[in-house]
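Here the structure comes first, spelled out in structure tokens, and everything after it is commentary.
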Protein chains: 2
Amino acid sequence: MIGIFDSGLGGLTVVREILNRLPNYKIIYFGDTARTPYGTKSAETVTRYAIENTKFLINKGAKIIIVACHTVSSVSMPTLKSLFPEIPFFEVVTPSFKKALSLTKNKKIGLIGTRTTVESGIYNLLFSQADPQIKLYSNPSPLLVPLIEEGWIKKPETRKIVKKYLIPLKMKGIDTLILGCTHYPLIKKIIQEKAGKRIKLVDPSQEVAIEVKEFIEKNPEIKQDLKYNEGIEIYVSDITPNFKKIAQIFLNKKIELIKVNLD
Amino acid sequence: MIGIFDSGLGGLTVVREILNRLPNYKIIYFGDTARTPYGTKSAETVTRYAIENTKFLINKGAKIIIVACHTVSSVSMPTLKSLFPEIPFFEVVTPSFKKALSLTKNKKIGLIGTRTTVESGIYNLLFSQADPQIKLYSNPSPLLVPLIEEGWIKKPETRKIVKKYLIPLKMKGIDTLILGCTHYPLIKKIIQEKAGKRIKLVDPSQEVAIEVKEFIEKNPEIKQDLKYNEGIEIYVSDITPNFKKIAQIFLNKKIELIKVNLD
């Protein structure tokens, strides 16, 4: 079973990409909707939540875990890996870093994400280790998550706020933009429009799905463990009306939500 | 000691009004910043959090409790009152309902608030019991909390979104508008500007503070219990950079935050 968790809705962009590439595996998803959002909270609190989410997925039978949340991917991975050494973890920062590195021509890369993700400095660290000539320009964009969770994915106000967040990055002449939050692919069209055609977008949900698929195909024993067992179970810590509506539109299928209390 | 809690920052508008009217009492504040916001979550989850917050304040010595959160005031009061019968509770819905009732001339009242507050139907119930001729028009305005928590209290995007939320209420010809969320007094100027001069605003933070002051003055034994003991202790479940900054500007004094884990 492939376990996937996120603070809320955003990780469903990863679920969709996994379903596209690995349609025969069973997925168990946990969205921490009772404590969402994570990106405005401290690294310590986010890591505490991430540990609880991981334990829940392991107890439900997950053999590999995808951290479909940039904030957790940015600040909690060393802790998760040391607490659960038996679990192969995938996160969304490394594959999007690699993709951006392969796409950029002028070595000017932009990053939008939550405040905690941007301030963690993880992308700066990765790029400076890989190629010191790369310049990373980042802008925390914390209002995009509430706008998306609210379903304002086509509203003019959302376009205006996206534009505002992108202006300082465009002024730096970036040619590549990392969508540093798994919610953002839900408004990819608006972001591409406001960024302009010359800027290439890196979609972390696609990149992590590619990485997971490669990993499973190279590891027959894991493949065996995961078994072929179609279907998806979606657990949430709170049932909110918006979640179900947006999730169904997004995954393009009827879904059932199961509520669990982690705290 | 007067205990006050909110999902985050909004309840500080109540703290300010209490400090203005009862400067000699000790206040203990709890902001559930690790699980904020409440207004997008279900009544069940909000009530679970409210119980934990109340227990925390009682353990710290609170003798009366002000629920400085509309979402909790709308959905959790019967549970809180039955679980803690010894505690006098004050909430923000009833005093703002009373104020609106006394202000309206044309009996058309508007309400903005979080989705959970508006959908609880509590204001509809109160007005229909008090005067069946009153028409209440409400519009959930869930993006205002993240905009305020983000500190965008003077930005043009915030003005635009406020305007958008108020248009349907203005079209109904309301003469009174309830700010149904303790965050909203932080952008009262913008709301007044977009509502227009003819609409009177009801500020729940002021109304609850007036009610608490009257209660204390009428109950000498409670007054004795609360003692004269200046000062404020602010507890939060997560220390976020924005909270401290905005809280200090807002209360106009240096504050220390103390972190506690409730879950």
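The values are calculated or read from the model by the stated rules, or taken from the named source; none is laboratory data. Small disclaimer: the values here were computed from a predicted structure and weren't measured. All Cβ positions, glycine included, derive from the backbone under ideal geometry; neighbour counts span all protein chains shown.
If we scan segment A:139-146, do we find a residue that is over 30 Å from residue A:241 (Cα atoms) and within 14 Å of chain B (Cβ to nearest Cβ)?
Start the filter on segment A:139-146 by keeping residues that are over 30 Å from residue A:241 (Cα atoms), which leaves A:139.
Now narrow it down to the ones that are within 14 Å of chain B (Cβ to nearest Cβ): A:139.
Yes, because at least one residue in segment A:139-146 is over 30 Å from residue A:241 (Cα atoms) and within 14 Å of chain B (Cβ to nearest Cβ).
Being out of contact with any Cys (no Cβ under 9 Å at 6 or more places or on another chain), within 14 Å of chain A (Cβ to nearest Cβ) and among the polar types (S, T, N, Q) is the requirement here; does residue B:229 meet it? Before the answer, list the steps.
Numbers: out of contact with any Cys (no Cβ under 9 Å at 6 or more places or on another chain): yes; within 14 Å of chain A (Cβ to nearest Cβ): no; among the polar types (S, T, N, Q): yes.
No.
Among residues belonging to segment A:68-87 that are small (Gly, Ala, Ser) and buried (at least 21 other Cβ atoms within 10 Å of the Cβ), point out the one that is nearest to residue A:57 (Cα to Cα).
Taking segment A:68-87 as the starting set, the residues that turn out to be small (Gly, Ala, Ser) are A:68, A:73-74, A:76, A:82.
Keeping just the survivors that are buried (at least 21 other Cβ atoms within 10 Å of the Cβ) gives A:68, A:73-74, A:76.
Values: A:68: 13, A:73: 16, A:74: 20, A:76: 16 Å.
For segment A:68-87, the residue satisfying everything is A:68.
Restricting attention to segment B:153-182, report how many residues are over 19 Å from residue B:104 (Cα atoms) and either in contact with a Lys or Arg (Cβ under 6 Å, 6 or more places away or on another chain) or among the acidic types (Asp, Glu) (or both).
So the answer is 3.
If we keep just the residues of segment A:30-44 that are of a type in the set (A, V, I, L, M, F, W, C) and buried (at least 24 other Cβ atoms within 10 Å of the Cβ), which is farthest from the other protein chains (Cβ to nearest Cβ)? Reasoning before the result, please.
Start the filter on segment A:30-44 by keeping residues that are of a type in the set (A, V, I, L, M, F, W, C), which leaves A:30, A:34, A:43.
From the residues that got through so far, the ones that are buried (at least 24 other Cβ atoms within 10 Å of the Cβ) too are A:30, A:34.
Values: A:30: 15, A:34: 5 Å.
Among them, the one singled out is A:30.
Residues are listed down the side, and each one gets a yes or a no for (1) out of contact with any helix residue (DSSP H, G or I) (no Cβ under 7 Å at 6 or more places or on another chain); (2) more than 21 Å from residue A:74 (Cβ to Cβ):
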{"residue": "A:156", "(1), (2)": "yes, yes"}
{"residue": "A:160", "(1), (2)": "no, yes"}
{"residue": "A:166", "(1), (2)": "no, no"}
{"residue": "A:176", "(1), (2)": "no, no"}
{"residue": "A:181", "(1), (2)": "no, no"}
{"residue": "A:184", "(1), (2)": "no, no"}
{"residue": "A:189", "(1), (2)": "yes, yes"}
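Name every residue in segment B:95-139 that is under 17 Å from the mean Cα position of the chain (by Cα), part of a helix (DSSP H, G or I) and touching a residue at least 60 places away in the same chain (Cβ under 8 Å), in order of residue number.
B:95, B:96, B:97, B:98, B:99, B:100, B:115, B:116, B:117, B:118, B:120
Are there strands (runs of 3 or more DSSP E) fully within segment A:1-94 with at least 2 residues that are under 20 Å from residue B:45 (Cβ atoms)? List them. Break it down into steps so the answer makes sense when it comes.
Values: elements: A:2-6, A:27-31, A:64-67, A:89-91.
Filter on segment A:1-94 gives A:2-6, A:27-31.
Is there a residue in segment A:201-209 that is free of Cβ contacts under 8 Å to residues at least 24 places away in the same chain and out of contact with any Ser or Thr (no Cβ under 9 Å at 6 or more places or on another chain)? I'd like the intermediate steps shown before the answer.
We begin by selecting, within segment A:201-209, every residue free of Cβ contacts under 8 Å to residues at least 24 places away in the same chain; these are none.
Within segment A:201-209, none of the residues are free of Cβ contacts under 8 Å to residues at least 24 places away in the same chain and out of contact with any Ser or Thr (no Cβ under 9 Å at 6 or more places or on another chain).
Which residue out of B:255, B:239 is closer than 30 Å to residue A:35 by Cβ, hydrophobic (A, V, I, L, M, F, W, C), surrounded by 12 or more Cβ atoms within 10 Å (Cβ to Cβ) and away from chain A (no Cβ under 14 Å)?
Working: B:239 fails: away from chain A (no Cβ under 14 Å).
Matching residue, one of B:255, B:239: B:255.
Among the residues of segment B:235-263, what is the count of those that are more than 26 Å from residue A:143 (Cα to Cα) and in contact with a Phe, Trp or Tyr (Cβ under 8 Å, 6 or more places away or on another chain)?
So the count comes out to 3.
Given the conditions (1) within 14 Å of chain A (Cβ to nearest Cβ); (2) within 17 Å of the chain's Cα centre (by Cα), report the number of the one that residue B:27 does not fulfil.
(1)
Residues checked against (1) at pLDDT below 95; (2) within 23 Å of residue A:243 (Cβ to Cβ); (3) more than 14 Å from every other protein chain (Cβ to nearest Cβ):
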position	(1), (2), (3)
B:4	no, no, yes
B:19	yes, no, yes
B:23	yes, no, yes
B:47	no, yes, no
B:63	yes, no, yes
B:72	no, yes, yes
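Restricting to segment B:109-146, name every residue that is under 16 Å from residue B:180 (Cα atoms) and among the aliphatic types (A, V, I, L, M).
Residues satisfying the conditions are B:109, B:111, B:112, B:118, B:122, B:125, B:126, B:136, B:143, B:144, B:145.
Which count do you get for residues in segment A:134-191 that are surrounded by fewer than 16 Cβ atoms within 10 Å (Cβ to Cβ) and of a type in the set (Ser, Thr, Tyr)?
0
Is it true that residue A:116 is among the polar types (S, T, N, Q), surrounded by 23 or more Cβ atoms within 10 Å (Cβ to Cβ) and modelled with pLDDT of 95 or more? Give the steps one after another, and end with the answer.
Details: among the polar types (S, T, N, Q): yes; surrounded by 23 or more Cβ atoms within 10 Å (Cβ to Cβ): yes; modelled with pLDDT of 95 or more: no.
Answer is no for this residue.
Condition first: assigned to a helix (DSSP H, G or I) and crowded, with 24+ Cβ neighbours inside 10 Å. Now tell me which residues in segment B:192-209 satisfy that.
Initial filter on segment B:192-209 (assigned to a helix (DSSP H, G or I)): B:192-195, B:204-209.
Residues satisfying the conditions are B:204, B:205, B:208, B:209.
Can you tell me which of (1) of a type in the set (Asp, Glu); (2) outside any strand (DSSP E or B); (3) within 21 Å of the chain's Cα centre (by Cα) is the one residue A:233 doesn't meet?
The single condition residue A:233 does not satisfy is (2).
Which is among the hydroxyl-bearing types (Ser, Thr, Tyr), in contact with a Pro (Cβ under 6 Å, 6 or more places away or on another chain) and modelled with pLDDT of 95 or more, of A:138, A:128, A:96, A:102? Working first, answer last.
On the way: A:138 fails: in contact with a Pro (Cβ under 6 Å, 6 or more places away or on another chain); A:128 fails: in contact with a Pro (Cβ under 6 Å, 6 or more places away or on another chain); A:102 fails: in contact with a Pro (Cβ under 6 Å, 6 or more places away or on another chain).
The unique qualifying residue is A:96.
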